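**Q** Below: one structure in structure tokens.
Read-outs: derived from the displayed coordinates by stated rules, not from any lab. As the structure is a computational prediction, the values presented were derived from the model and not from experiment. Ideal geometry is used to build each Cβ from the backbone, glycine not excepted, and the neighbour counts take in all protein chains shown.
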């Protein structure tokens with residue numbers, strides 16, 4: 001499961017045990033919250049998301065578990 005923080009970070013958690021899975025990724029400015037993540041289905045081996053930061057900036061975020 002991926003969560004966006006109010007400090008512009010993406011955090012990955014394992015659902016099986018609820019522990020943080022790897023290090024948080026800084027994807028936005030420290031003062032810009034990740035306000036929405038929308039899953040994009042069927043993008044090969046990657047998990048891809050539309051990410052909105054601060055309700056005004058739109059990005060594509062690709063989370064590859066092998067990297």
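**Q** Here is a check on your reading of the model: is residue 19 loosely packed, with under 10 Cβ neighbours inside 10 Å and touching a strand residue (DSSP E or B) at 6+ places or on another chain (Cβ under 8 Å)?
**A** Answer is yes for this residue.
**Q** Search the stretch 22-39 for residues being touching a residue at least 12 places away in the same chain (Cβ under 8 Å) and assigned to a loop (DSSP other than H, G, I, E, B), and hand back the single one that is surrounded by the most Cβ atoms within 10 Å (Cβ to Cβ).
**A** First, the residues of the stretch 22-39 that are touching a residue at least 12 places away in the same chain (Cβ under 8 Å): 24-38.
Imposing the further condition that a residue be assigned to a loop (DSSP other than H, G, I, E, B) reduces the set to 24, 27-33.
On the way: 24: 14, 27: 16, 28: 24, 29: 12, 30: 9, 31: 9, 32: 16, 33: 17.
Among them, the one singled out is 28.
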